[in-house]
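Visitor: First, the structure itself, so that you have it in front of you.
The values are calculated or read from the model by the stated rules, or taken from the named source; none is laboratory data. All figures in this text were calculated on a predicted structure; none of them were measured in a lab. Quick reminder, even Gly has a Cβ in these numbers, built from the backbone with ideal geometry, and neighbours come from all protein chains shown.
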Amino acid sequence: MIEWLIIGGGIHGTYLSHLLVNQVGVDRDEVKVLDPHEEPLAAWLMFTANCGMHYLRSPATHNIDIPVLSLYRYAKSSTIKSIDTFIPPYNRPSLPLFNMHCDHIIRHNRLGALRIVGRALALEKNGRSITAATTAGPLKARNVILAIGLSEQPYWPPWAYSLKTSGARINHLFDFNFGPAKTSASSLTVVVGGGISAIQTSIKLSASLSGKVRLISRHPLRISPYDFDPCWIGPKCLKEFHLSDFGKRRNSVDQARINGSAPREVMAEFHRAVSTGQLEYQQGRIQCASTDGRRIRLKTDTDIKWADAVVLATGFHPERPGGAFIDQAIRSFSLKCGACGYPLVGKDLRWSENIFVTGPLAELQLGPCARNIIGARNAGRLLLNNWSSL
Amino acid sequence: MDKWECPCGYIYDPEEGDAESNIQIGTAFEDLPDDWVCPKCGAEKEYFEKLD
């Protein structure tokens, strides 16, 4: 039996494994990270590469190492002198810098050795411990941290489902097998979405595909440096949030996340691409779609467009992540959920005696920053604050 | 004078002070009142780290 089993090896799971071993001092042999991907941070690396991200939206202090200024110090090391480093406002790292730092922290701290490749199937109570049934065999642990993100639930709008089943050239940016369809010079690829991923993807495709690219967004494109107000990282907003009931917290989280926006430098790049004719923009709501077997007909609230390929950049489905695995755990441990389906957890992020949550599953405690990198750091702080009782 | 950074990403720069909290330009981080908090997230001074 091990002391801690972390289910999910993305940013959150990797950071918390690092924290447990190298800050708390839990023996390395007592911490395991279960994840279906061979490489740490696989979903992060794939999604950020797919959308052509250049700079993160979060500052350098939001990183996976324990010292808050670790990324700055790494940036000063001789090995990374040749790449872009930071961009204002605040100091937001370039994606290559952030990823190199992650790789450095994982290698230097041998976090990869904590990983088990496999998928969790069920959790069962086993006296005072938990047995996880997994595709890698049963794993028995004193405590389990559920660090499951939204990566396996890309959002497909209802109009897009029928296209998917009819074999049309449509795919989602956040599908693991994503690859934009190769197009000819006279073709049109439509990107659907209005957030930073959609804008970045349309810029990237307009530069790489030989045909035209058009972005269709339901709302006007908005500029915002953040995807939530930084007040949600600390007591400025969280104090009142924690005084409110869970139903109200769900509304606060939904209202606080600034969806469908992008930082100024991304918007500037977008406008440059539009001005050169590489990229077109249309505001409109797609109502239905069909295919003639070759092209895709998109009916918006203003017109009808024919596209040769469609790329969805419509984010993730907002439902509770974890699917059937979490459903089973809820039944097996009688875990409490809010009306929105998300876990009701205390300030120690404890969902039951020895099950803890982080990431989106901890949204009703961590607030709107739960799914971001800083959400992992805040989760770690809460676990440490309550360490004596764990 | 040194700059200090909050975990949220806000950087206290003595050359800018903090007008929102009536902190004069030129005030060193060490001279900020004990009850001063990060104007962005509300974190207390103890959470700040000095930038190299």
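Visitor: For the stretch A:71-88, give me each residue that is assigned to a helix (DSSP H, G or I) and either more than 22 Å from B:Cys41 (Cα to Cα) or touching a helix residue (DSSP H, G or I) at 6+ places or on another chain (Cβ under 7 Å) (or both).
Guide: Residues of the stretch A:71-88 assigned to a helix (DSSP H, G or I): A:71-75, A:78-80.
Hits for the stretch A:71-88 are A:Leu71, A:Arg73, A:Tyr74, A:Ala75, A:Ser78, A:Thr79, A:Ile80.
Visitor: Moving to a separate point now. Given (1) among the aliphatic types (A, V, I, L, M); (2) more than 14 Å from chain B (Cβ to nearest Cβ); (3) touching a helix residue (DSSP H, G or I) at 6+ places or on another chain (Cβ under 9 Å), where does A:Ile330 come up short, assuming only one miss?
Guide: A:Ile330 satisfies every listed condition except (3).
Visitor: Of all residues being under 10 Å from the mean Cα position of the chain (by Cα) and buried (at least 17 other Cβ atoms within 10 Å of the Cβ) in the stretch B:9-22, which is farthest from the other protein chains (Cβ to nearest Cβ)? Just the residue, please.
Guide: Among them, the one singled out is B:Pro14.
Visitor: Okay, moving on. Would you mind telling me which numbered condition in (1) in a loop (DSSP other than H, G, I, E, B); (2) surrounded by 23 or more Cβ atoms within 10 Å (Cβ to Cβ); (3) within 18 Å of the chain's Cα centre (by Cα) A:Trp232 fails?
Guide: (1)
Visitor: Within the stretch A:230-253, can you find the residues that are within 8 Å of chain B (Cβ to nearest Cβ), of a type outside the set (A, V, I, L, M) and either in contact with a Cys (Cβ under 7 Å, 6 or more places away or on another chain) or over 21 Å from A:Ile373 (Cα atoms) (or both)?
Guide: Once the filter is applied, which keeps residues that are within 8 Å of chain B (Cβ to nearest Cβ), of a type outside the set (A, V, I, L, M) and either in contact with a Cys (Cβ under 7 Å, 6 or more places away or on another chain) or over 21 Å from A:Ile373 (Cα atoms) (or both), the stretch A:230-253 yields A:Pro230, A:Cys231, A:Trp232, A:Gly234, A:Lys236, A:Cys237.
Visitor: Could you list, in sequence order, all residues of the stretch A:2-59 that are within 18 Å of A:Val144 (Cβ to Cβ), in a helix (DSSP H, G or I) and hydrophobic (A, V, I, L, M, F, W, C)?
Guide: A:Leu16, A:Leu19, A:Leu20, A:Val21, A:Val24
Visitor: Also, I was wondering about something else. Out of all the residues in the stretch A:93-103, is one or more in the same structural domain as A:Ile330 (by TED's automatic domain parsing), among the hydroxyl-bearing types (Ser, Thr, Tyr) and closer than 23 Å to A:Leu19 by Cβ?
Guide: no
Visitor: Here is a further query. I'd like the residue in the stretch A:121-177 that is part of a strand (DSSP E or B) and β-branched (Val, Ile, Thr) and, out of all such residues, is nearest to the chain's Cα centre (by Cα). Write out each step before concluding.
Guide: Residues of the stretch A:121-177 part of a strand (DSSP E or B): A:121-126, A:129-134, A:139-146, A:154, A:170-172.
Remaining after also requiring β-branched (Val, Ile, Thr): A:130-131, A:134, A:144-145, A:170.
Working: A:Ile130: 27, A:Thr131: 27, A:Thr134: 23, A:Val144: 21, A:Ile145: 17, A:Ile170: 22 Å.
Top of the filtered list is A:Ile145.
Visitor: What are the residues in the stretch A:212-229 that are within 20 Å of A:Val191 (Cβ to Cβ) and buried (at least 17 other Cβ atoms within 10 Å of the Cβ), if any? Quick ask: steps written out before the conclusion?
Guide: Keep residues of the stretch A:212-229 that are within 20 Å of A:Val191 (Cβ to Cβ), which gives A:212-224, A:227.
Matches in the stretch A:212-229: A:Lys212, A:Val213, A:Arg214, A:Leu215, A:Ile216, A:Ser217, A:Leu221, A:Ser224, A:Asp227.
Visitor: Can you name the condition, by its number, that A:His317 falls short on among (1) in contact with a helix residue (DSSP H, G or I) (Cβ under 9 Å, 6 or more places away or on another chain); (2) surrounded by 13 or more Cβ atoms within 10 Å (Cβ to Cβ)?
Guide: (1)
Visitor: A further question follows. For B:Lys40, which of the numbered conditions (1) within 25 Å of A:Lys76 (Cα to Cα); (2) touching a Pro at 6+ places or on another chain (Cβ under 6 Å) fails to hold?
Guide: (1)
Visitor: May I ask you to say which residue of A:Pro93, A:Pro88, A:Pro138 is within 20 Å of A:Glu30 (Cβ to Cβ) and either within 14 Å of chain B (Cβ to nearest Cβ) or free of Cβ contacts under 8 Å to residues at least 60 places away in the same chain (or both)?
Guide: It is A:Pro138.
Visitor: Oh, and also: Do we find that A:Leu344 is touching a Gly at 6+ places or on another chain (Cβ under 6 Å), farther than 30 Å from A:Leu163 by Cα, assigned by TED's automatic domain parsing to the domain that holds A:Gly127 and touching a residue at least 60 places away in the same chain (Cβ under 8 Å) in this structure? Step through it out loud before you land on a result.
Guide: Values: touching a Gly at 6+ places or on another chain (Cβ under 6 Å): yes; farther than 30 Å from A:Leu163 by Cα: yes; assigned by TED's automatic domain parsing to the domain that holds A:Gly127: yes; touching a residue at least 60 places away in the same chain (Cβ under 8 Å): yes.
Answer is yes for this residue.
Visitor: Mind checking whether some residue in the stretch B:37-45 is within 23 Å of A:Ile64 (Cα to Cα) and part of a strand (DSSP E or B)? Before you say what the answer is, go through the steps one by one.
Guide: Let us first name the residues in the stretch B:37-45 that are within 23 Å of A:Ile64 (Cα to Cα), namely B:38, B:40-45.
Among the residues that remain, those that are also part of a strand (DSSP E or B) are: B:44.
Taking every residue of the stretch B:37-45 in turn, at least one turns out to be within 23 Å of A:Ile64 (Cα to Cα) and part of a strand (DSSP E or B).
Conditions tested, residue by residue: (1) touching a Leu at 6+ places or on another chain (Cβ under 9 Å); (2) among the aromatic types (Phe, Trp, Tyr); (3) surrounded by fewer than 17 Cβ atoms within 10 Å (Cβ to Cβ).
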| site | (1), (2), (3) |
| --- | --- |
| A:Phe98 | yes, yes, no |
| A:His101 | yes, no, no |
| A:His108 | no, no, yes |
| A:Leu111 | no, no, no |
| A:Arg115 | yes, no, no |
| A:Ala120 | yes, no, no |
| A:Ala132 | yes, no, no |
| A:Gly137 | no, no, yes |
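Visitor: Looking at A:Lys305, A:Lys347, A:Lys336, which one is more than 26 Å from A:Arg218 (Cα to Cα), among the basic types (Lys, Arg) and in contact with a strand residue (DSSP E or B) (Cβ under 8 Å, 6 or more places away or on another chain)? Explain how you work it out, then say what you get.
Guide: Numbers: A:Lys305 fails: more than 26 Å from A:Arg218 (Cα to Cα); A:Lys347 fails: in contact with a strand residue (DSSP E or B) (Cβ under 8 Å, 6 or more places away or on another chain).
Unique residue meeting the criteria: A:Lys336.
Visitor: Please indicate, with yes or no, whether at least one residue in the stretch A:45-55 is buried (at least 19 other Cβ atoms within 10 Å of the Cβ), β-branched (Val, Ile, Thr) and in the same structural domain as A:Pro360 (by TED's automatic domain parsing).
Guide: no
Visitor: Need pairs with beta-carbon distance below 6 Å; first residue more than 8 Å from chain A (Cβ to nearest Cβ) and within the stretch B:23-52, second in a loop (DSSP other than H, G, I, E, B) and surrounded by fewer than 17 Cβ atoms within 10 Å (Cβ to Cβ); sequence gap 6+ or separate chains.
Guide: Short answer, once both residue conditions are applied: B:Ile23/B:Gly17; B:Gln24/B:Gly17; B:Ile25/B:Gly17; B:Thr27/B:Gly17; B:Ala28/B:Met1; B:Lys50/B:Asp2.
Visitor: Do you know which residues across the stretch A:100-131 are touching a strand residue (DSSP E or B) at 6+ places or on another chain (Cβ under 6 Å), more than 15 Å from A:Glu30 (Cα to Cα) and among the aliphatic types (A, V, I, L, M)?
Guide: Once the filter is applied, which keeps residues that are touching a strand residue (DSSP E or B) at 6+ places or on another chain (Cβ under 6 Å), more than 15 Å from A:Glu30 (Cα to Cα) and among the aliphatic types (A, V, I, L, M), the stretch A:100-131 yields A:Ala120, A:Leu121, A:Ala122, A:Leu123.
Visitor: Checking the condition at pLDDT below 95 and either touching a His at 6+ places or on another chain (Cβ under 7 Å) or outside the structural domain of A:Val266 (by TED's automatic domain parsing) (or both), which residue from A:Ala60, A:Ala75 passes? Explain how you work it out, then say what you get.
Guide: Details: A:Ala60 fails: at pLDDT below 95.
One residue alone meets the criteria, A:Ala75.
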